[in-house]
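Enquirer: Attaching a single structure in structure tokens format; questions to follow.
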Amino acid sequence: MRTAPAARTVAADFALHELYTPTADFQPESAEAVQAALHRPEAVPGTFRFR
């Protein structure tokens, strides 16, 4: 199953035989965040979705 970046949680619908992964688009990481090892970018508002 191909997933979007940062999509880690999976929900299963056993009746429909479907898997769902919640995710969102993310802001690019700043150079300061990368240097400080803060690798958790912020989500872009309004982009949350299930795949």
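The values are calculated or read from the model by the stated rules, or taken from the named source; none is laboratory data. Here the structure is a predicted model, which means the values were calculated and not measured. When we count neighbours, we look across all protein chains shown, and the Cβ atoms used for this are built from the backbone with ideal geometry, even at glycine. The protein model used for the area step is the full one, side chains on, heavy atoms only, and it has no ligands, DNA or RNA in it. Shrake-Rupley method; radii C 1.70, N 1.55, O 1.52, S 1.80 Å.
Enquirer: Could you look through region 21-35, keep only residues that are open to solvent by less than 60 Å² (accessible area, probe 1.4 Å) and in a loop (DSSP other than H, G, I, E, B), and pick out the one that is modelled with the lowest pLDDT?
Expert: Restricting to residues being open to solvent by less than 60 Å² (accessible area, probe 1.4 Å) and in a loop (DSSP other than H, G, I, E, B), the top hit is 30.
Enquirer: Further, regarding this structure: Residues of region 9-20 being modelled with pLDDT of 85 or more, within 14 Å of the chain's Cα centre (by Cα) and either farther than 21 Å from residue 43 by Cβ or of a type outside the set (A, V, I, L, M, F, W, C) (or both), which ones?
Expert: Of everything in region 9-20, just one residue is modelled with pLDDT of 85 or more, within 14 Å of the chain's Cα centre (by Cα) and either farther than 21 Å from residue 43 by Cβ or of a type outside the set (A, V, I, L, M, F, W, C) (or both), namely 20.
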